[in-house]
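J.: Okay, here's the structure, questions in a sec.
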Ligand SMILES: C[S@@+](CC[C@H](N)C(=O)[O-])C[C@H]1O[C@@H](n2cnc3c(N)ncnc32)[C@H](O)[C@@H]1O
């Protein structure tokens, strides 16, 4: 029996206490501990970054020589000197390309995405939207991520999940499925962690 939704659960209280903007930071922390994703000096893209807890954590892990760039439909309040953010729909690849080209970035070593569509309440529709958004994320990662770099995606399990996973496995290596402890018990979300060929 899934637990009911609790907006002020232990993870949210911990995030508030530790100064993080969202409970989802603990999902990235666990993935980072398991897969060693973030490194000092790295350049990182976060596609769907608001309110910014992943960027807060990434900023600390990459340090002053690193750079984290976040995109979201919503504005993101300033985080640190090594973080830049853009209010931008990630399904507009030409806009993402021109913003990134203007930054003259070093090689991008990690692409993160915790993207979630605004929910319609119809489970299959929401799941399909999540897949569509992740296809946009993958297209950006294929264009911008350096070879051997990690990409992390959030996907919802459902009717289209197996097909999407096959698609991912055909184009990426070492594809792993992870469910961090902070993913709500009632949620169908999983994270795919993969490496660029
Ligand atoms: C779960 S939140 C991300 C939380 C973030 N990882 C953090 O730690 O603060 C999902 C985000 O996806 C964003 N999003 C949904 N569709 C998007 C799109 N097409 N382009 C950019 N961002 C999008 C939403 O605005 C929302 O802020």
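J.: For segment 151-190, how big is the tail of P(r) above 14 Å, as a whole percent of Cα pairs?
T.: 49
J.: Where both partners of a DSSP beta bridge lie in the chain, what percent of those bridges are antiparallel, to the nearest 5?
T.: Beta bridges within the chain, antiparallel portion: roughly 40 percent.
J.: Expressed as a whole number of Å, what is the distance separating the alpha-carbon centroids of segment 17-57 and segment 106-131?
T.: 16
J.: Can you give me the Rg/Rh ratio for segment 10-196, using Cα atoms for both radii and the Kirkwood formula for Rh?
T.: That ratio is 0.93, to two decimals.
The numbers here are math on the coordinates, done by the rules we state, and not lab data. What you see is a predicted model; the values in this text were computed from it and never measured.
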